[in-house]
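The structure appears right after this line, and notes come after that.
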Amino acid sequence: MTARIVALHGAVIVALFLAQFVASDYAVLTITRIMVLAVYALGYNILFGYAGLLSLGHAMFFATGLYGAALGVTRLGMAAPEAFLFATFCGVIVSIVIGFVALRASGVAFMIVTLMFSQAAFLAVLYFGDITRGDEGIVIKDGQRMFPLFGVPMNLADPVLRYNIALAFLAVAIVLCLIAVRSKIGHVLVAIRENESRTAMLGYDVKRYKLIAFVLSGSFAAVSGAAYALLFAYAGSTLASIQYSIHPLLWTLLGGAATVLGPVLGTALMFLLVDFASGFTSASLLFVGVALILLVLFFPKGILGTLRQRYWRWLP
Amino acid sequence: MAFFPHLLLALLEGTVAAAVLALSALGLSLVFGVMRVVNVAHGEFFMLGAMLAWFVAKMAPGGPAVGFLAALIVAPLLVGALAFVTERLLLRRINYDPEATIVATIGLMFVIQQLALSVFGADAKAVPAPFSYRIALPWFGFSGYKLFVVVASVALLLGVWWVLAKTKLGLIMRVTQFDRETATAFGIPVNQVYSAVFVAGAALVAIAAVLIVPIQQAHYLMGLDPLLMSFIVVIIGGLGSIKGSVIAAVIIGLSDGVISIFFSPTLASIIATLAVALVLVFRPQGLFGVPAR
Amino acid sequence: MPERKLIVPDKKLISRRSALKLAGAGAAAATMGPGFMRYAQAQSSEPIRIGFQVHKTGIGAAYGKWYEQTTNAAVKLINEAGGIGGRPVEIVAEDDATDPGRGAEVVEKFATQHKCDVAFGTLFSHVVMGSAPRAGELKIPYFVVSEGHHVASGKLNRYTFQPGITDVRSQVISMAPWIAKNLGKKVTMIFPDFAFGYDHRDYFSAAIKAQGGEVNALIPIPPTETSFSRYFAQIPSGTEVIYHVMVGPAVLTFVKELGEFYGSNHPPLFGFIDSLEAVSLKSPGLEFLEGSYFWEAYPRNAGAKPADADTFYRGKVGVDQYGSSVSDPNDVSTYSHMFGCWETLYIIKQAMEAAGYKGPDDRAKLIEAAEAITTIPEGNEHPQGDKVFNGKIHQVFGHQNITQVKGGVGELVYRTTIEEGMYEPEADYTAMPL
């Protein structure tokens, strides 16, 4: 890995760490949320950006993490870290099973298969309303968000602790992404994206690589969902709806698909755009819609993708 | 209620549901079939048709029937015009790339929703049926207009089928659907055919909305349901096969009505969506389609 | 946009009491360094800032519009009368898209960016549930106007209140005696298949049983449903009363199809006005409702002899004697819900003045003052009627109304006592740390 790649990504992580000392209260809270959701987008990008598979159903993995953690804590009596591991485990299992089936389809069929699975998952959350409380959802109480870590009491309601937990997740996710895309896996995925049949002819087990990408992607989404539930103390069916499948697609496209930092940048920018717009207009959806259309028309490669194309060829 | 009347009601409701499904899916099936692109804003075209039906009915003098007939003309024209602009400014510029089309039409979906909210407001709007007649059966009553929707749906489907199967226009569409390059080689103006098909798809779904909205209500978030249901119908029926779509609509409509007598309707929806996913995975050409070349 | 003010950071870092108690080392780090500095207390002439979490878009938008109109009317009135504790009130409204995720972010924004004194105004239960934990952590008092049972159930926290509108449990149990006595004892319930409906199902079933009645069929309807006739077939033939409650954009279709199904020959209908909130009872297809009964928190029809406070309230909000907008009679208000905004704002005023509230550092005092409220008299500030507030569960209790549709408008036939809606508290928020 070249020095400047390490330097760039390291600098982003360090900058985010330092930000908490200077940022306003609101910025700290906002960046926390952006970092948690950026993990979701990073995972989405592995599948969409590198492997070229557009999923319209990632909310089911996000929701798996979300409900795994929330139900783990509230129903199964787990401590927060156990619930997190449990939720991640559920995410891995669900993405293996769904990936195994969905990857038999490709192109538009793949999008709709994932959309339908996700819709079924959303309906299942409503169907099991006596457990999930459906749309109203589950609140994780303060007491359930405290746990000792190596003897030190931790309280997830503390904004500073929460910021640094979110940062840790993001940092790990970025590093994992970097390793993945610069390893053989990443190269094979890109090869599959560019020409699947040729990659297969070269002797690569295309199905296996696609499944790896799918499971990585789904697991990142579940991690993000679990962190969201535990850090922000709420799980509800809205967060499993189609809207939340479209979000990571939008973020990834904006920042730049198939760039490691693109989804992070995209999440942050879109978040700030909506936040800014909703302060003076109720038409924030309009901004999102117009942004999508303009991106597709003029910047199909997103911000970092365009920069890479024009200036920074080395950007991973 | 005793079993027989219950079943009768389920069958009646199922028939209406099938008609609604077939109507909503018709436009999507056409566009999907000929252009091989998924228009995610399809549901919003439906919503716009319903909103326009409400608006026209409110403005038109002389009672619901006049408003209804006026809406049947105005809604497809306006929605078709919007589709025309969309096709020219959006789809053509991204060269009908399937993935880019999905993303762009998701964007369009948000834009249309927001505009509908700003222009028409957030309230659910009731649109009066052109006539109200309650069929009184010994066990329960049933809306006469609902049965009219079934008849209208059959008529519209036959009309579209006739155009596709028996006219030169239909032949051109089928050739284009079969293969874009071949069509170009035969001197068919593919771009114009695409444009026409996209506009026709939108106009059809607007007509469907005008027909259906009196038994529902117009609301700016109503588009998602017809979109998902249309997907289901079109996929199970086989991409691009209108006959398949109709058969699928009948099967889904009736089975949904009957299944939900015995099971929770949410469970019925879960089963239906899972079925679509599995059909796509294991029989991508749909239950009634022929495998792609 | 509200004008920007220069806020000077306070050099003194205030320790975060509860955090210290809970998390020794972690919290010590919190007080020392990153983020979270407290700001100087607002000058006394500065406005009281009330963050208004409003459903401008999303599924709740039809309600949001009326919540906004009522809130603005009340704030105008409060300011004309000298504001709160001599300070003017400023509403900072933000759209939450009726989405719990965005709702939580909006509460964060109120607390830390807009520097609001309190947050207020949420209707939809899932947004309340998503936002309340954030309000609790940021220690910003959060006054919801939701009628959900979430606050009173003890699921939320010490900072969340519902002082302006009764909760669904109270509404439901107070209806059971009247229904059993006047309409019948075999009740079929039709309700939305999600949390709000489950509260109806569970609490009404128990309440009617206590009256010697029974629920002979439960018919849950999924929230995404657009067609309803087939559900009506599940209503058993021995049913004496049909109890219906529905929410969402398809409510009118629901009621219309009920009419098509039965015609004029139906068992007595008892509905919650939620089934027709913001919809005219004179809509075509609703003629069959003539003679049927509705629960209304606050009857939209003023009746022949309206109370002075009611007339006053209608005039200020811009609603006519039938509960429609004065500018457009077809624009029916959400009359049984929106009064909660008005009354909640007056509770905020009362509590702030009782606490001698100066700024965010007095929030704990504000909470305690709000919890200390017990009886609330009827009047211009509380036009729906007198109420009793239970500080332990942060929930208000009030009168409920039963109206009968006559000539397309609801006429009051019974008004419950406050006691009929009381139940044993399940929680005690006052035992939680501030």
If you check A:Ile165, A:Ile179, which single one turns out to be part of a helix (DSSP H, G or I), hydrophobic (A, V, I, L, M, F, W, C) and within 30 Å of C:Ala195 (Cβ to Cβ)? A:Ile165
So which residues in region C:206-242 are of a type in the set (Ser, Thr, Tyr) and either within 14 Å of chain A (Cβ to nearest Cβ) or touching a Cys at 6+ places or on another chain (Cβ under 9 Å) (or both), if there are any at all? C:Thr224
Being buried (at least 20 other Cβ atoms within 10 Å of the Cβ) and touching a residue at least 60 places away in the same chain (Cβ under 8 Å) is true for just one of C:Val172, C:Val241. Which residue is that? C:Val241
Which one of A:Ala180, A:Ala213, A:Ala226, A:Ala171 is buried (at least 18 other Cβ atoms within 10 Å of the Cβ), away from every other protein chain (no Cβ under 14 Å) and in contact with a Ser or Thr (Cβ under 7 Å, 6 or more places away or on another chain)? A:Ala226
Among the residues of region A:79-99, the number that are in contact with a helix residue (DSSP H, G or I) (Cβ under 7 Å, 6 or more places away or on another chain) and either within 14 Å of chain B (Cβ to nearest Cβ) or within 30 Å of B:Gly237 (Cβ to Cβ) (or both) is 4
Residue check, C:Pro192 against (1) in contact (Cβ under 8 Å) with a residue 60 or more places away in the chain; (2) more than 9 Å from every other protein chain (Cβ to nearest Cβ); (3) out of contact with any Phe, Trp or Tyr (no Cβ under 6 Å at 6 or more places or on another chain), all met but one. Which one? (1)
Of the numbered conditions (1) under 25 Å from C:Ala355 (Cα atoms); (2) at pLDDT 90 or above; (3) hydrophobic (A, V, I, L, M, F, W, C); (4) assigned to a loop (DSSP other than H, G, I, E, B), C:Ile91 satisfies every one except a single condition; which is it? (4)
Quick test for you: out of B:Gln192, B:Gln177, B:Gln216, pick the one residue that is within 29 Å of B:Asn95 (Cβ to Cβ) and touching a residue at least 24 places away in the same chain (Cβ under 8 Å). B:Gln177
Between residues in region A:26-37 that are more than 9 Å from chain C (Cβ to nearest Cβ) and residues that are outside any helix (DSSP H, G or I), which pairs lie under 9 Å by C-beta distance while being six or more apart or on different chains? A:Ile31/A:Ala23
Would you confirm whether or not region C:137-152 contains a residue that is assigned to a helix (DSSP H, G or I) and aliphatic (A, V, I, L, M)? yes
Residue list for region C:28-50, filter: in a loop (DSSP other than H, G, I, E, B) and modelled with pLDDT under 85: C:Gly33, C:Pro34, C:Gly35, C:Phe36, C:Met37, C:Arg38, C:Ala40, C:Gln41, C:Ala42, C:Gln43, C:Ser44, C:Ser45
Listed residues C:Asn301, C:Asn330; which is in contact with a Gly (Cβ under 6 Å, 6 or more places away or on another chain), part of a loop (DSSP other than H, G, I, E, B) and not assigned by TED's automatic domain parsing to the domain that holds C:Gln162? C:Asn301
From the list C:Glu214, C:Glu277, which one is within 24 Å of C:Asp167 (Cα to Cα), of a type in the set (Asp, Glu) and surrounded by fewer than 17 Cβ atoms within 10 Å (Cβ to Cβ)? C:Glu214
Give region C:106-119 a look and list any residue that's out of contact with any strand residue (DSSP E or B) (no Cβ under 8 Å at 6 or more places or on another chain) and surrounded by 24 or more Cβ atoms within 10 Å (Cβ to Cβ), or say none. C:Glu108
Test for C:Gln53: is it modelled with pLDDT of 90 or more and under 20 Å from A:Leu273 (Cα atoms): yes
Given the criteria modelled with pLDDT under 85, surrounded by fewer than 24 Cβ atoms within 10 Å (Cβ to Cβ) and within 12 Å of chain B (Cβ to nearest Cβ), does A:Thr306 qualify? no
Search region B:80-90 for residues being more than 9 Å from chain A (Cβ to nearest Cβ) and touching a helix residue (DSSP H, G or I) at 6+ places or on another chain (Cβ under 6 Å), and hand back the single one that is surrounded by the most Cβ atoms within 10 Å (Cβ to Cβ). B:Ala83
State yes or no: is A:Arg208 charged (D, E, K, R) and at pLDDT below 85? no
Would region B:91-98 turn up any residue that is more than 22 Å from B:Leu211 (Cα to Cα) and part of a helix (DSSP H, G or I)? yes
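The values are calculated or read from the model by the stated rules, or taken from the named source; none is laboratory data. Only a predicted model underlies this, so the values are computations on that prediction, with no experimental measurement involved. Note that we place each Cβ from the backbone using ideal geometry, even for glycine, and neighbour counts take in every protein chain shown.
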